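Q: Have a look at this one before I ask anything.
The values are calculated or read from the model by the stated rules, or taken from the named source; none is laboratory data. Small disclaimer: the values here were computed from a predicted structure and weren't measured. Every residue, glycine as well, gets a Cβ built from its backbone with ideal geometry; the counts of neighbours run over all protein chains shown. Protein only, heavy atoms only, side chains kept; ligands, DNA and RNA dropped before computing areas. Shrake-Rupley method; radii C 1.70, N 1.55, O 1.52, S 1.80 Å.
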Amino acid sequence: MLIAGIDIGNCTTEVALAIVERTSEPRFLASAITGTTGIKGTVDNVPGVMECLSMAMAGTGKGISDLELILLNDATPVIGDVAMETISETIITESTMIGHNPATPGGIGLGVGKTLLLGRLDEAYAGEQVIVVVPGHIDFSQASDQINSAFQRGVAIQAAIVQKDEAVLIANRIQRTIPIVDEVSLVDRVPLGMLAAVEVADPGRSISTLSNPYGIATVFGLTPEETKNIAPIARALIGNRSAVVIKTPSGDVRERRIPAGSLMLIGERATLEIDLQAGAQAILQAIERTGRLRDAKGEPGTNVGGMLERVRSMMSNLTDQPMEAIRIQDLLPVDTLVQQAVVGGLAGELSSENAVALAAMVASSRLSMGRIADRLAKETGAQVQVGGVEAHMALHGALTTPGADLPLAILDLGAGSTDAALAGKDGQINVIHLAGAGDMVNLIIDAELALDDRNLAEEIKRFPVGRVDNLFLLRGEDGTVRFFEEPLDPKLFARTVVIKEEGLAALPGNLSIEKVRTVRRKAKDRVFVTNTFRALNAVAPAGNLRLLSNVVLVGGCALDFEIPGMISDALAEYGVVVGTANVRSSEGPRNAVATGLVLSYADSTPLGSSPSVLPRPLAGEGQR
Ligand code: ADP
Ligand code: MG
C-alpha cells in the first residue's frame with residue numbers, strides 16, 4: 001500500500017512516501033520538502049501539500065492516483081511571532097554632536113577650535129584656533145581659496161565642517177592637512193563661536209579620541225560630572241571614521257529611557273507583573289516563576305501593550321478567531337541593541353539604543369486539520385487520516401538516526417518555535433513548545449545590523465561572511481583566504497559579503513566582518529541556547545539535564561552551520577550525547593515527523609487488522 005506521511009510546519013511542508021505491507025517493514029520510496037503555503041493549520045496549506053506530494057512522486061514511477069493513504073500530523077497548535085520595541089533613545093537638546101560617518105571625509109587627525117563660518121574667516125586673528133564651517137552654497141574651490149588665504153594670514157584653522165560631499169576636494173586644495181567632515185546636512189544648525197573638536201581617522205580605522213569619554217574630557221577640559229554626561233556621545237561615536245563634537249554651554253545629550261510599560265504574566269502557579277525595562281534575564285526568570293503561561297498581557301497604552309496587541313490581532317486575523325480567544329503560551333525576551341537616529345541630530349547620526357525583542361507563541365484552538373484532510377481527500381482520491389501528536393511523531397522519526405536510543409530527547413528547531421520532547425525507557429513522553437526560533441534570529445540580525453531586509457537577514461543567518469580584499473581574493477571570517485582565477489564582480493570590491501553556496505552577495509553600508517559575525521552568533525546564542533536550556537529543563541526527569549542521555553536535533557535550524565555546535569558546547573558539561581539527527585540514515589535533521597507518521601502507522605498495523613485504525617501514539621501520553 002502506497003502511503004504518504006505529511007508534516008505541515010510553520011515554514012516547510014515535508015513528505016515521506018513509503019510502501020507499507022503488513023508482512024514487512026515499511027519501504028521508503030522518496031522524501032520531499034517545500035515551503036508551506038498559507039498559515040499552518042489552514043486549508044491554504046493544501047496547494048503546498050499537493051506540490052510536495054508531486055515532488056516526492058517524481059521519479060518513483062507512481063502517481064498521486066496510486067496513493068492510498070495520507071497521514072497528517074496533528075499539527076502542534078502553536079504559531080510564533082516576533083516583535084521588537086526600543087526602550088532607550090538618545091536626545092540632543094542643543095546640537096552638540098555630529099557623529100555621522102560620511103563615506104569620504106577629508107584629511108586626517110584631530111582638530112580643536114572655535115566654530116566660525118567660512119564667510120567670517122577674515123575676522124579671525126593670526127594664531128586663533130578655529131574650525132571653519134562651510135555651508136552648501138559655497139563650492140569647494142571658493143572654500144579652499146578662502147581657507148588658504150586665512151592660512152597665509154596665520155590663522156590656525158584646525159578643521160572644517162562641510163555641508164556638501166566635498167571634503168576630499170577641499171583637502172586636496174588646501175596647504176595643510178586638517179580633518180574635514182562633510183555631508184553635514186543641517187550645517188546651519190551647527191552652533192557658532194563654540195569650542196568644537198573634529199576627528200578623522202586613517203582609512204579603514206576608526207576614531208579614537210572622540211569615541212572615548214576621557215578623550216572628549218581631555219579635549220574640552222571637562223569635570224568628572226560633565227564627563228559622565230557626555231559618555232553617551234562617546235558611545236554613539238564608537239566605530240566611526242569621523243566625528244564632530246561641539247561643546248555648547250547648555251548643550252546636552254541625554255539618554256532617555258522610554259517608558260515601555262509592563263508585562264502581565266498569567267501563569268499556572270502565579271500571576272506576575274514585570275517592567276520591560278527590567279531586561280530579558282529578569283523577564284525570563286519571571287516567566288519561570290509563573291509556571292506554564294496561560295496568557296500574557298501588556299500594559300495598555302504602552303509600547304509593550306501595543307506590541308502584544310499587534311501579535312494578538314495578527315494571530316486573530318490569520319486563524320480566524322476573535323482577539324479574546326488568542327492566548328499567549330510562551331514568550332522569549334531578548335535584549336538587543338538597535339541603530340536608531342539620534343533625536344535632534346544634525347547629520348542623521350545613529351546611536352545604539354536598547355531594545356527588547358519578544359517572540360510570542362500563541363495557541364490556536366481551532367486548527368482546521370479536519371478541513372485540510374477533507375480537501376486533500378477530494379484532491380487526491382486517497383484516504384486521509386489525521387493523527388499522531390507532532391512531537392511523538394518527531395521522536396519516532398528521530399529514533400531512526402543511527403546510534404540514537406531511548407531514553408531520547410529531541411529538540412525541534414523550527415522557524416517559529418523550539419519544541420522538545422523526551423521519550424523515557426518506560427514510554428513516558430514529555431513535550432514542551434517554546435516561543436523563539438529561526439524567525440527571531442532573523443529579526444535580531446535585521447534590527448542590530450539595521451538592514452531592514454528580512455531576506456538578507458536570513459542569508460546572514462545561514463552563511464558565513466568574508467571580505468573581498470581585492471578582486472582575486474576573498475578573506476573568510478575565520479581568516480582563511482580563497483583565491484580566484486577570474487576577477488570577481490567589481491561591485492564586491494572592499495565589501496563585506498555573504499558567502500552563499502551560489503555565490504557572493506555584498507552587504508550594504510560598511511559593516512565589518514567582525515560586527516556581522518558577532519551579531520549573528522549572539523542572536524543564535526540568545527535564542528537557541530537559551531531555549532535549549534528552557535526546553536530541556538522542562539522535559540528532563542526532575543529538570544536534571546544530567547539524566548538525559550541522548551539529545552537529537554531536528555528541524556530546519558539543525559541544518560545551520562553553527563547552531564548545533566553552540567548547543568553541543570553549551571551541554572558539554574552535562575555529559576549528554578548531542579548531535580544532529582540523521583533520519584532514516586539519509587535525511588539529516590529533516591523529515592522526522594513525516595517519517596514518524598509512516599512508522600507509527602506501520603507499527604500499529606499488525607497482521608490482519610484493518611488499515612484504517614488510527615496510528616497508535618507511542619505509549620504513555622504525558623503531555624506537559
Ligand atoms: P517548521 O517546522 O516550523 O516549518 P523548519 O523545521 O522547516 O520549520 O525550520 C525552518 C527554519 O530553519 C527557518 O528559520 C530556516 O531559516 C531554517 N533553515 C532551513 N534550512 C536551513 C539551512 N540549510 N541552514 C540553516 N538554517 C536553515
Ligand atoms: Mg517542524
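Q: Among the residues of the range 447-481, what is the count of those that are in a helix (DSSP H, G or I) and either within 16 Å of ligand 2 (Cβ to nearest atom) or in contact with a strand residue (DSSP E or B) (Cβ under 9 Å, 6 or more places away or on another chain) (or both)?
A: Count: 6.
Q: Determine whether the range 271-287 contains at least one residue that is of a type in the set (Gly, Ala, Ser) and open to solvent by 20 Å² or more (accessible area, probe 1.4 Å).
A: Yes; the residues of the range 271-287 include at least one that is of a type in the set (Gly, Ala, Ser) and open to solvent by 20 Å² or more (accessible area, probe 1.4 Å).
Q: I need the full set of residues from the range 406-426 which are part of a loop (DSSP other than H, G, I, E, B) and either under 32 Å from the mean Cα position of the chain (by Cα) or modelled with pLDDT of 90 or more (or both), in order please.
A: Once the filter is applied, which keeps residues that are part of a loop (DSSP other than H, G, I, E, B) and either under 32 Å from the mean Cα position of the chain (by Cα) or modelled with pLDDT of 90 or more (or both), the range 406-426 yields Gly414, Ala415, Gly416.
Q: Being within 15 Å of ligand 1 (Cβ to nearest atom), β-branched (Val, Ile, Thr) and not in a helix (DSSP H, G or I) narrows it down to one of Val552, Val527, so name that one.
A: After applying the criteria, what remains is Val552.
Q: Looking at (1) at pLDDT 90 or above; (2) of a type in the set (D, E, K, R); (3) open to solvent by less than 30 Å² (accessible area, probe 1.4 Å); (4) more than 16 Å from ligand 1 (Cβ to nearest atom), which is the one condition that is false for Asp374?
A: With (1) at pLDDT 90 or above; (2) of a type in the set (D, E, K, R); (3) open to solvent by less than 30 Å² (accessible area, probe 1.4 Å); (4) more than 16 Å from ligand 1 (Cβ to nearest atom) applied to Asp374, the lone miss is (3).
Q: What's the number of the condition Ala592 fails, among (1) open to solvent by less than 10 Å² (accessible area, probe 1.4 Å); (2) in contact with an Asp or Glu (Cβ under 7 Å, 6 or more places away or on another chain)?
A: The number of the failed condition is (2).
Q: Here is a further query. May I ask you to say which residue of Thr13, Thr23 is in a loop (DSSP other than H, G, I, E, B) and of a type in the set (S, T, N, Q)?
A: Thr23
Q: Considering only the range 498-508, state which residues are closer than 17 Å to Asp446 by Cβ and out of contact with any Ser or Thr (no Cβ under 9 Å at 6 or more places or on another chain).
A: Correct list: Val498, Ala505, Pro508.
Q: Does Arg454 satisfy being open to solvent by 60 Å² or more (accessible area, probe 1.4 Å) and within 16 Å of ligand 1 (Cβ to nearest atom)?
A: In short, yes.
Q: Continuing with the same structure: Restricting the range 524-552 to residues that are touching an Asp or Glu at 6+ places or on another chain (Cβ under 8 Å) and open to solvent by less than 20 Å² (accessible area, probe 1.4 Å), which is farthest from Ala357 (Cα to Cα)?
A: Only one residue fits best here, namely Ala535.
Q: Taking interchain pairs and intrachain pairs at least six residues apart, which have beta carbon atoms under 6 angstrom, with the first residue in the range 12-34 and free of Cβ contacts under 8 Å to residues at least 60 places away in the same chain and the second of a type outside the set (Gly, Ala, Ser) and part of a loop (DSSP other than H, G, I, E, B)?
A: Final answer for the pair search is Thr13/Thr36; Leu29/Thr60; Ala30/Thr60.
Q: Of these, Val356, Val342, Val334, which one is open to solvent by less than 40 Å² (accessible area, probe 1.4 Å) and at pLDDT 90 or above?
A: Val334
Q: Just to check your reading of the model, which residue among Ser185, Ser141 is of a type in the set (Ser, Thr, Tyr) and in a helix (DSSP H, G or I)?
A: Unique residue meeting the criteria: Ser141.
Q: Could you list all residues from the range 560-586 that are touching a residue at least 24 places away in the same chain (Cβ under 8 Å) and among the charged types (D, E, K, R)?
A: Asp560, Glu562, Arg584
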